[in-house]
Amino acid sequence: MLTVWAVELGVFALVIAAILAERPVPLGLTLGAGVAAWAAVRFVPGLRAGLARAFTAHRRAAWLGGAVLAVALPFALRASPYWTFVATMALLYVTIGQGLNFQIGTAGVINLAGAAFAGLGGYTVGLLTVRLGAPPLLALLAGPLVAVAVGAVLFVPILKTRGHYLALVTIAFGFIFTILMNNLEFTGGPQGIKDIPTLRPFGFAFSTPIRLFGVGLPYHANFYWAALALAGLATLAAWRLHESWLGLALNTLRDDEIAARCSGVHVARQKLVAFSIGNLIIGVGGAFYAVMVGFVSPPDFDFGYSLIMLSVIILGGVDSIPGIVLGACLLIPLPERFRFLHEYRLLLYGVMIVLVLLFRPRGLWPAPVRRYGRSLGGGLRPPSEPPPRDGAGEAGARRVRPPAPDEGSSVSLLETRDLTVRFGGLTAVDGVTLEVREGEAVGLIGPNGSGKTTLFNAVTGLYAWSGDVRFAGSSLAGLEPHAICRHGIARTFQSSRLCLDLSVFDNVLIGMRATGGASAWTALLRRRRFLADVHAALDEARRLLALFNPALPARGFERAAALPQIDRRRVEICRALAARPRLLLLDEPSAGMSPEETAELMRDLQVVREADPRLAVVIIEHDMFVIESVSQRVIAFNYGRKIAEGPFKAVAATPEVREAYLGREAGG
C-alpha cells in the first residue's frame, strides 16, 4: 500500500513541478524526469510487473490516494489561480467527454455537436438567471434538461441516418445553434449574456476566496472542487452504465445492429436513451461553465470546441471511461503549458495527436473488456455440470445418431402460409407453406440462391413479406426483429455476426436481453441487486458455453476475436440459446469448418437438443452429413419454392432435388 501511495505522490509532484515551472530549463528537467520514469516502467519488466501487482492488490488504496491528491490540488496551485482555473476546465471536459463518449464510443451514435449541447445548458442558465431572475442552482438543474429535450427532437433525423450522413446532421445542428445565438436578440446576439450570478449554496458565494487549514485559497478552488465532484459523479455514472445491460446492448448496436435486433434489442429506444443520457451529462458541463465564468457567448460553443471534445475521446480511447479522464487532463492543460512557444505550441500539440494516432490507435488507455465489477473477475460460481458427451475429446470420431422421423411433438410452433418475399421484380421466396412442430429438427436444403436464408430473414422480421406467418398461434405480421425474438425465435447467421471486440461472455449475455435483466437505474443505484442479476446471468452463460466446450467458460473475459472458428460458432449458438427460445434457426453453422470440426459441432447440437427436448430447430446446410445427422424431416428449396418434403433419404432421392443440385441430365 505504501508503494502505491509513494508512486502516486511522485507522479503528483512531477505534474505540479511541470505546471509551475516558469523557465524552459526547469520545465525541461521536469519533463525529462517524467520521460525517464515512464521509460523505466515501460521497459523494465520486473518494475512494471511489480507495480501492476501492487496496484491490483491495493486497488482501494490507489483510488483513495488518487482522490486525496485530486482534492489537494488547489493547495499545491494556490500561488497560481490561473492554473486552478485550467484544472477546473479540464474537469469540465472530463464531464462533457464522458457524456459524448457514451454516445459515440458506447452506442456508436456520432455526435459532432457536443459544444452546441453544452451551449444549450450554458445559455439556459444565462436566460433563466439574467432574464428571468431564477436561482442559479435551479437554472443549473434546468440546463441539462433543455439539452435532453432539444436532443430528443433532433433524434428524429438522426435515427434515419447512418455513418457520415449522421455526422453531417449533427454538424449542421452545431452551426445552426451558433447562427441562432448570434442573431436572436433575447440571447444577447454576438455579445452573449453577461453577469450570470454565481452559485450560492446555503448563502455562501462561490466567488468568495476561502481559507482552509490556515491556508488562503482563491475563489477558483470553490469551482474546482465542485467540478471535481461533477466529474467524479459523471465518471462513476458512465462506468456503471457501461458495465450494465444497457451498456452491453449499446455496444452490440454499435458493432452489429442486425445481430442486436435479432437478440431482442430495440434499436430506436436504446439509441434515444444513449443520446439523451449523453446530452444530459454534456448539458451539466455546459451549465456549470456558465455559472463559473459568469458569461456565455456564441464563440464559447462553436464547432472548434466540438472537435476538441471529440479529440478527448480519440486521445484517451474510444469507449474507455478512464481514457476520457486521461485525455481531458492532457489535452486541456498541455496547450496552456506550452503557451511560451507562441505559434509553435499548436504545432507541437498537433504533432502529439498524430503520434498518438500512429502508435496508439486505440488511444492512450484502450477500452478493456467489460467485467461487470472487479469483484467478478475470477470469483464466479462454478456452472452446473453439462450433460455427459461421449468421445468429448475425439473430434469427428463418433457419428451423431440420426433422429427418428417420428420424434418431436404434435404441437404446431411455426406455420407459414403462402409466404412470399419480393425485391422489386425478383421473387426470392415464392408462396412457401410449411410447418415446424415443437421439439422437431427440420433441415432446409437447396442450391445457393434458392431462398433458404431469405426465409429465415422474413420469419425473423428483417425482410418484408406477404402471406401469413404464425408462431405459437400468434401472427408475426408487422413485428420488428426484437419483438419476434422476445416471442421465442432465435437465430444464427451464415456469416458469423459475433461482436469480435467484445468478450465471449458479452456475446452470450446479449442474447439474454430478450428475457429481461436489471434496468439501468438498478445498475446505477441498486448495486447489490444488479450484481446478483449479473452473477446469475454469467452462471447461465458459463453453463451454456460448457455444453459445447468445457474449456470455453475459462475464456469468458477474452475478446471473441481470439477464439478459433469452431468456438466462435459455438458462442453464436450460445447467444441464440441464451434468449431461451422455443425455435432455433441455424443458418449454415458448419460453414468454413473442417469435417472433424463439423462432426464435433453436430455432436454439440445433439447435446443441446437432449438438454431441451422441447426446442425446435430449423437448420440450413449444404453438408448432407449434417442434414442427415440432425434432421427428422427435410424440406428442399429451389428458385424460392418448396420442391420436396419428408425424411432425408426420400427427399434426397427425389428427381427434382437431384436436378436442383446436379442439373438436368443430358437428353432428359
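A few remarks follow.
- Placing +1 on each Lys and Arg Cβ and -1 on each Asp and Glu Cβ, with no other charges, gives region 474-550 a dipole about its Cα centre of roughly 220 debye.
- Separation between Cα centres of region 468-517 and region 66-112, rounded to whole Å: 39
- For the chain, the longest piece that avoids every one of the GluC sites (Glu not before Pro) found in DSSP loops with at most 10 other C-beta atoms within 10 Å covers 344-664.
- Near Asp587, the amide H atoms lying under 5 Å from its own belong to Thr492, Phe493, Ile620; only residues 5 or more places off or on other chains count, and H is placed 1.01 Å from N.
- Packing-based ranking of 326-334, 132-140 yields 326-334, 132-140, ordered from highest to lowest mean Cβ neighbour count within 10 Å.
- Each of Ala259, Phe295, Leu310 was scored by the projection of its Cα onto the charge dipole of region 242-319, and the greatest displacement toward the positive side belongs to Ala259; charges sit on the C-beta of Lys, Arg, Asp and Glu.
- J(HN,Hα) series, region 418-433, from Karplus relation 6.51 cos²θ - 1.76 cosθ + 1.60, nearest Hz, glycine and proline x: 6, 5, 9, 10, 10, 10, x, x, 9, 9, 7, 10, 10, x, 7, 10
- Share, in percent, of DSSP beta bridges within the chain that are antiparallel, nearest 5: 60
- Couplings 3J(HN,Hα) of region 192-203, computed from phi: x, 10, 9, 6, 6, x, 7, 6, 9, x, 6, x Hz, in residue order, whole Hz [Karplus 6.51 cos²θ - 1.76 cosθ + 1.60, θ = phi - 60°; x for Gly and Pro].
- Helix-only mean residue ellipticity at 222 nm for the chain, each DSSP H run of n ≥ 4 adding -39500 (n - 2.57), per residue, nearest 500: -17500 deg cm²/dmol
- Selection from Ala268, Leu476, Ala520 lying farthest towards where the dipole of the chain points positive, charges on Cβ: Ala520
- Where only C-alpha atoms are counted, convex hull volume of region 211-326 per residue in Å³: 132
- Estimated FRET transfer efficiency (Leu347, Lys194; beta-carbon r; R0 41 Å; 0.05): 0.75
- Region 509-668 - percent of accessible surface contributed by carbon and sulfur, probe 1.4 Å: 53
- Taken about its Cα centre, region 515-668 carries a charge dipole of about 920 debye when Lys and Arg each add +1 at the Cβ and Asp and Glu each add -1 at the Cβ.
- The reciprocal of the average 1/r between distinct C-alpha atoms defines the Kirkwood hydrodynamic radius, which for region 1-151 equals 19.0 Å.
- Counting all C-alpha pairs of region 587-632, share separated by more than 16 Å (%): 32
- Here the mean projected area of the convex hull built on the C-alpha positions of the chain is 36.4 nm².
- Using the Karplus relation 6.51 cos²θ - 1.76 cosθ + 1.60 with θ = phi - 60°, the per-residue 3J(HN,Hα) values for region 449-461 come to x, 8, x, 5, 5, 4, 4, 4, 5, 6, 5, 8, x Hz, with x marking Gly and Pro.
- The charge dipole of the chain, taken about its Cα centre with unit charges on the Cβ atoms of Lys, Arg (+1), Asp and Glu (-1) only, comes to about 1760 debye.
- Protein heavy-atom accessible surface, 1.4 Å probe, per residue over region 1-87: 63 Å².
- Here's the list of aspartates and glutamates a cross-link from Lys642 could span, going by alpha-carbon distance under 15 Å and ignoring same-chain residues fewer than 8 apart: Glu415, Asp418, Asp430, Glu435, Glu656, Glu659.
- Gyration tensor verdict on region 421-499 (Cα atoms; rounded if a/c is under 1.5, prolate if a/b is larger than b/c, oblate otherwise): rounded
- Relative intensity of region 512-668 on a log10 scale, I(q)/I(0) at q = 0.15, 0.18, 0.21 Å⁻¹, equals -0.90, -1.14, -1.37, per a Debye sum over C-alpha point scatterers of equal strength in the absence of solvent.
- Per-peptide average of other Cβ atoms within 10 Å, ordering 315-321, 506-512, 638-644 highest first: 506-512, 315-321, 638-644
- Measuring between their Cα centroids, region 281-331 and region 583-649 lie 53 Å from each other.
- Rolling a 1.4 Å probe over the protein heavy atoms of region 46-103, with every protein chain left in place, gives an accessible area that is 70 percent carbon and sulfur.
The values are calculated or read from the model by the stated rules, or taken from the named source; none is laboratory data. Predicted model only: the values in this text are computed from it and were never measured. FYI the Cβ positions are ideal-geometry reconstructions off the backbone, even for glycines, and counts take in every protein chain you see. When the accessible area is computed, the model is the full protein with side chains, heavy atoms only, and any ligands, DNA or RNA have been set aside. Shrake-Rupley method; radii C 1.70, N 1.55, O 1.52, S 1.80 Å.
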